[in-house]
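Only one structure is covered here, and it is reproduced in the block below.
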Amino acid sequence: MEFTEKFIALIDILGFKNLVEQAEAGRGISLDRLLELRNKLGERRRPTWCPQSERRQADLDFCVSQVSDSVIVSAEILPAGAINLVSHCWGLVIHLLESGIMCRGYITRGPVFHTDEHFPVGTGYHCAYENEKCVTAFKREANERGTPFVEVDRAVCDYVGRCGDWFVKEMFSRCVKDDGAVVALFPFKRLGHQFVIGALDTNSIRRRKGDPIKTYE
């Protein structure tokens with residue numbers, strides 16, 4: 001048992017408490033559908049992107065842990081680990097968006113002890129946890145925090161940029177968008193404009209009233 005440098009992602013469903021309250025009251029999303037979407041977060045899929053890219057382990061040391069409406073994913077620090085962790089998160093975002101549900105998260109790298117049987121421990125996990133609430137990707141105002149996107153740490157972007165694997169770089173570029181300040185997963189290239197606008201206006205995202213800093217629950 002030891003700490004290992006890994007890529008780490010934390011993704012959280014926005015407005016989950018509100019969705020639960022609506023399900024209890026018989027409005028909006030049904031309980032069955034709510035549980036299906038939540039369980040989707042913890043689904044462990046076999047990494048399949050860029051099968052020829054450099055890797056240390058066949059399974060990329062790919063681990064998934066779920067707690068309620070949040071999921072933590074980690075993978076080894078090699079090109080195949082980077083792109084498969086990013087693609088896994090990208091797929092989760094797409095699946096939730098297609099159901100009109102937004103999420104927020106942060107992808108970084110750092111020391112962590114994480115297996116499918118053990119919840120992650122380490123400063124790498126702490127970094128992902130602390131930054132998830134402070135995402136600023138595609139903000140509309142200077143002091144806006146907690147925007148509904150999955151932000152990618154520059155350390156991860158720099159690794160991909162230097163990795164020398166053209167295919168990993170290409171697939172990574174298809175999953176993200178750089179707003180000039182930060183980089184975030186951007187699945188909207190695959191979705192229609194009208195759907196995107198509708199999704200951003202759903203009740204699953206609510207701003208806290210009276211908070212001088214714009215945030216999202």
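In the stretch 108-137, which residue that is surrounded by 18 or more Cβ atoms within 10 Å (Cβ to Cβ) and over 11 Å from SER74 (Cβ atoms) is modelled with the highest pLDDT? Of everything passing the filter in the stretch 108-137, CYS127 is modelled with the highest pLDDT.
If you go through the stretch 57-69 and keep only what is in a loop (DSSP other than H, G, I, E, B) and more than 18 Å from PHE167 (Cβ to Cβ), you end up with GLN57, ALA58, ASP59, ASP61, PHE62, SER68, ASP69. Of the residues making up the stretch 5-23, those that are under 30 Å from CYS157 (Cβ atoms) and either open to solvent by 20 Å² or more (accessible area, probe 1.4 Å) or assigned to a loop (DSSP other than H, G, I, E, B) (or both) number 5. Here the stretch 166-176 is the region considered, the condition is being open to solvent by 80 Å² or more (accessible area, probe 1.4 Å) and free of Cβ contacts under 8 Å to residues at least 40 places away in the same chain, and the residue that is farthest from ARG140 (Cα to Cα) is TRP166. Residues considered: ILE107, ILE101, ILE72, ILE83. Of these, the only one that is assigned to a helix (DSSP H, G or I), of a type outside the set (Lys, Arg) and either touching a residue at least 12 places away in the same chain (Cβ under 8 Å) or closer than 22 Å to TRP49 by Cβ (or both) is ILE83. Only residues that are surrounded by 12 or more Cβ atoms within 10 Å (Cβ to Cβ) and either of a type in the set (A, V, I, L, M) or at pLDDT 85 or above (or both): list them for the stretch 46-55, please. Across the stretch 46-55, the qualifying residues are SER53, GLU54, ARG55. Within the stretch 57-64, not a single residue is in contact with a Leu (Cβ under 7 Å, 6 or more places away or on another chain) and either without any contact (Cβ under 8 Å) to a residue 40 or more places away in the chain or under 15 Å from LEU96 (Cβ atoms) (or both). Does the stretch 24-45 contain at least one residue that is open to solvent by less than 70 Å² (accessible area, probe 1.4 Å) and hydroxyl-bearing (Ser, Thr, Tyr)? Within the stretch 24-45 (the criterion being open to solvent by less than 70 Å² (accessible area, probe 1.4 Å) and hydroxyl-bearing (Ser, Thr, Tyr)), the answer is yes, since at least one residue qualifies. With respect to being crowded, with 21+ Cβ neighbours inside 10 Å and part of a loop (DSSP other than H, G, I, E, B), LEU96 falls outside the description.
The values are calculated or read from the model by the stated rules, or taken from the named source; none is laboratory data. Just so it is clear, the model here is predicted, and its values are computed rather than measured. Cβ coordinates were reconstructed from backbone atoms using ideal geometry, including for glycine residues, and neighbour counts include every protein chain displayed. The area values use the complete protein model at the heavy-atom level, side chains included, leaving out ligands, DNA and RNA. Shrake-Rupley method; radii C 1.70, N 1.55, O 1.52, S 1.80 Å.
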